[in-house]
1. Report D for region 218-292 in µm² per second (integer): Stokes-Einstein, Kirkwood Rh on Cα pairs, 4 °C, 1.567 mPa s.
2. At 7 Å along Cα-to-Cβ for each site, give me the label-to-label distance between residue 11 and residue 332 in nm.
3. Could you list log10 I(q)/I(0) for the chain at q = 0.07, 0.10 Å⁻¹, which the Debye formula gives when each Cα is one point scatterer?
4. Using the number of other C-beta atoms within 10 angstrom as an exposure proxy, rank 375, 349 with the fewest first.
5. Give me the distance between the Cα centres of region 47-65 and region 226-296, rounded to whole Å.
6. Taking 0.36 nm per intervening residue step and subtracting the Cα-Cα distance, what contour gain separates residue 233 from residue 104 on full extension?
7. Can you give me the distance in nm between label points at residue 119 and residue 180, each placed 7 Å from the Cα along the Cα-to-Cβ direction?
8. Let me check against my output: what whole-number percent is the relative contact order of the chain, with C-alpha pairs under 8 Å and at least 6 apart?
């Protein structure tokens with residue numbers, strides 16, 4: 001497995017060596033150590049949504065429905081800003097350094113939220129929390145795609161992003177205890193929930209010590225020797241787990257001209273000139289799912305309490321099946337994104353989610369639903385919508401060159417979330433405050449139109465990325481085979 005190691009341009013088989021690895025304990029470690037963050041994020045965000053009813057109590061924080069929507073929007077603003085800053089740093093300084101830093105920022109914000117004393121402090125601490133989780137999206141999705149073999153990349157990415165809903169299920173179940181006035185006073189229970197989430201998050205820092213830096217990132221950033229040393233160590237771990245020697249990679253190598261940084265001018269040219277079709281695709285996918293999720297998830301508790309008269313401490317039990325539906329979607333359908341194909345599954349899950357959303361919204365507007373049937377229908381919708389949302393991040397992370405992967409994730413996450421995520425909670429907070437079911441239905445129709453439009457864009461511009469090496473989907477900028485994708489000649493991967 002020895003390869004020529006020099007400080008000059010060098011030949012490497014690292015991408016092929018990573019993609020030929022059979023699934024083993026090493027890959028499970030990656031999924032657990034990185035995916036567990038989404039579990040905690042789901043726990044924390046679910047708590048934020050579940051306690052919104054309690055926070056409106058004059059004896060607790062006395063927030064209005066509109067202020068709850070503004071708090072949710074502030075969290076999203078933090079995520080937008082954090083993803084841009086940390087996304088750039090992830091491409092500049094490496095995946096491993098940043099997924100430690102972003103986790104620390106996220107946990108700090110969560111802990112501080114537990115000690116909020118008024119609206120201003122609550123908003124400020126949610127801004128910090130959002131900044132950390134925004135950075136996590138860029139760092140974690142980059143690391144996963146670059147370390148997981150191509151034949152498993154789709155399902156692995158969907159399951160990791162879907163694991164958010166394990167935390168959501170735990171969070172919704174925990175509210176039955178922490179929001180029960182017979183167990184904890186209302187003024188204390190919600191604080192305990194945030195505090196416990198932050199404390200548990202410290203365990204992730206130890207798990208991530210076993211995750212190496214991405215050899216793909218190292219090979220393009222002036223660390224050719226280090227990239228091969230880490231690759232050798234990964235292969236040794238896999239061989240020990242398998243009890244056999246891996247076959248030697250002897251195909252056509254990449255020729256790399258390592259660079260430590262890439263200017264914003266080059267990044268802009270690649271994203272908006274060379275790969276403009278892919279940029280349109282990513283914006284459509286990210287924006288539509290962000291609007292849908294932020295419209296529904298951040299306001300669902302308010303719907304339960306206002307339209308179905310569900311007591312605030314009991315809302316968690318309704319969020320539990322909703323979370324389970326979101327998690328089961330990626331788990332049961334994830335492998336189809338690697339077998340049937342990206343375009344078919346992405347377009348299908350977006351379109352199905354849109355159709356079911358319109359149906360459910362109409363039934364709600366007509367007053368045909370109860371809290372239980374509403375929850376059941378939401379669970380079915382998000383069984384598909386969870387796959388759609390996760391596939392949006394999968395798409396962004398695998399169809400741009402390695403050197404700008406994290407920044408691309410951050411950019412489209414920020415742009416899409418700003419367009420679909422900041423507006424949605426505030427808009428739906430006002431719609432709920434109006435007390436009109438018909439106005440809410442029209443809001444759901446808007447979300448469905450965006451989802452269906454994204455499905456159409458996927459059909460037109462989607463990339464057949466299943467079971468394909470990342471470097472064949474988008475050649476590294478530092479390799480000799482990189483060629484711009486012009487409007488007159490499609491990239492081979494898009495045909």
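1. Numbers: Rh = 16.3 Å.
After rounding, the answer is 79 µm²/s.
2. Label-label distance for residue 11 and residue 332, simple model: 5.0 nm.
3. Scattering profile of the chain, log10 relative to I(0): -0.36, -0.72.
4. Details: 375 22, 349 28.
Fewest-to-most ranking of 375, 349: 375, 349.
5. 42 Å
6. Values: separation 129, 0.36 × 129 = 46.44 nm, distance 2.73 nm.
Residue separation times 0.36 nm, minus the Cα-Cα distance, leaves 43.7 nm.
7. Taking the two extended label points, one gets 3.3 nm.
8. On the way: 927 pairs, mean separation 129.7, N = 495.
It rounds to 26 percent for the chain.
Just so you know, all these numbers are worked out from the coordinates, no wet-lab data involved. All values derive from a computational prediction rather than experimental measurement. FYI the Cβ positions are ideal-geometry reconstructions off the backbone, even for glycines, and counts take in every protein chain you see.
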